[in-house]
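Structure first, commentary second.
The values are calculated or read from the model by the stated rules, or taken from the named source; none is laboratory data. Computed from a predicted structure; not experimentally measured. So basically every Cβ, Gly included, is an ideal-geometry build from the backbone, and we count neighbours across all protein chains shown.
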């Protein structure tokens, strides 16, 4: 077998492979002999059909099959011989494809980029630290109460945080528009569910009252046909209901699976959950800063095949998340390219750090992480046992731990500043940068 390789770009390789005719004929004959043993042809007993008849009937198919298998096999042999690492399936173009002659074909493909991860010293990380104060716990209890609020009909004017049952009709230039009307809809004033001015315009209204609101859709409204337009909404208030917060009692605690522990026991469980959320938030923010730093210090070219695969994976995830009748390939690739590029780059960089430092998942940390996740459930021992019986889940946890070890490796050389903050600041999600 003859092999030559041409570098057509930083990552693309054009490999010409020649396969001797003798090897082709050997593979063809092997298939014909297998066919001869089981072929059923009128006038001949099974296994006694002359090879000349077998060739006449089956040689073309056997040759096509042999050539396909040989291209697959010799491509693999060639990349191993040339010490190449393909990042995707090759595009194959036969140059000679005639009976009795050597097979020659060209395989064009991308390889994984070869690089060493560097620049750990240039990575800058602000590591937050915080505690769950009693006031944070009190605020969380109020949030939980508000999440379980009940509404009772009230014979008074509507106030902020009341729930109104309303009918409304929206018109633009005197004409009703799609999606601008509803009957019997529930609306909590101050929820921000409606466009600016709608909820504010109903404060002070009473059951049975009708109000006309002249409002303007925001310029950045998601429905471009309505963005920036002025509309008139005629709103009829059917009922006004006031919020009633649940008491902190056993019935309330039972909703969260916490039984017969009293208020102090409930506070203890909520604090544990808050502390777990706090640890995860701090760890996530450190990891994101480390990954941003690695990306900035190690610009690499991404194989198109890997980028395309990741875009398709994100398309499928989007369809699964949002549902609807749309198919993944109907979503524009441009929507996912930036995120896909970041994920592929980070995957390559993290894998190279693992390779450079010969990192292996720390099984003690694996168990610690599983126990941390299991602690959120009522029967943590059963959850731990389930993980250890499920190899796929175990491998996913090991991957997470390996990423944490990569972060720790970088932090040993990175510029790290510790900063004490409040619980709220520590758990607050990082805002995505605004597009220009």
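Here are a few things to note about the model shown:
- Flag for residue 427 being more than 18 Å from residue 294 (Cβ to Cβ), buried (at least 17 other Cβ atoms within 10 Å of the Cβ) and modelled with pLDDT of 95 or more: yes
So that you can scan it fast, the table gives a plain yes or no per residue for (1) touching a helix residue (DSSP H, G or I) at 6+ places or on another chain (Cβ under 9 Å); (2) part of a helix (DSSP H, G or I); (3) surrounded by fewer than 14 Cβ atoms within 10 Å (Cβ to Cβ):
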position	(1), (2), (3)
235	yes, no, no
247	yes, no, yes
251	no, yes, yes
266	yes, yes, no
272	no, yes, yes
282	yes, yes, no
290	yes, yes, no
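- Residue match in segment 2-9 (condition: farther than 19 Å from residue 106 by Cβ and in a loop (DSSP other than H, G, I, E, B)): no
- 3 or more residues surrounded by 16 or more Cβ atoms within 10 Å (Cβ to Cβ) and in contact with a helix residue (DSSP H, G or I) (Cβ under 8 Å, 6 or more places away or on another chain): qualifying strands (runs of 3 or more DSSP E) within segment 102-217: 103-110
- Failed criterion for residue 181 (all others in (1) touching a strand residue (DSSP E or B) at 6+ places or on another chain (Cβ under 8 Å); (2) in contact (Cβ under 8 Å) with a residue 24 or more places away in the chain hold): (2)
- Answer from 49, 92 - the residue that is surrounded by 12 or more Cβ atoms within 10 Å (Cβ to Cβ), part of a strand (DSSP E or B), free of Cβ contacts under 8 Å to residues at least 40 places away in the same chain and not assigned by TED's automatic domain parsing to the domain that holds residue 298: 92
- Some residue of segment 10-22 being surrounded by fewer than 14 Cβ atoms within 10 Å (Cβ to Cβ), at pLDDT below 95 and closer than 22 Å to residue 85 by Cβ: yes
Let's see how each residue does on (1) in contact with a helix residue (DSSP H, G or I) (Cβ under 8 Å, 6 or more places away or on another chain); (2) in contact (Cβ under 8 Å) with a residue 40 or more places away in the chain; (3) more than 26 Å from residue 354 (Cβ to Cβ); (4) surrounded by 17 or more Cβ atoms within 10 Å (Cβ to Cβ):
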position	(1), (2), (3), (4)
372	yes, yes, no, no
377	yes, no, yes, no
385	no, no, yes, no
391	no, no, no, no
396	no, no, no, no
402	yes, yes, no, yes
407	yes, yes, no, yes
411	yes, yes, no, yes
419	no, yes, yes, no
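- Annotation: residue 361 fulfils all but one of (1) at pLDDT 95 or above; (2) under 24 Å from the mean Cα position of the chain (by Cα); (3) in a helix (DSSP H, G or I); the unmet one is (3).
- Residue within segment 336-354 that is surrounded by fewer than 12 Cβ atoms within 10 Å (Cβ to Cβ) and more than 15 Å from residue 117 (Cα to Cα) present: yes
- Some residue of segment 345-354 being assigned to a helix (DSSP H, G or I), in the same structural domain as residue 276 (by TED's automatic domain parsing) and under 26 Å from residue 277 (Cβ atoms): yes
- Qualifying residue in segment 292-299 (condition: within 30 Å of residue 420 (Cβ to Cβ), surrounded by fewer than 14 Cβ atoms within 10 Å (Cβ to Cβ) and touching a helix residue (DSSP H, G or I) at 6+ places or on another chain (Cβ under 8 Å)): yes
- If only residues of segment 218-233 that are in a loop (DSSP other than H, G, I, E, B) and touching a strand residue (DSSP E or B) at 6+ places or on another chain (Cβ under 9 Å) are counted, the one that is surrounded by the most Cβ atoms within 10 Å (Cβ to Cβ) is 226.
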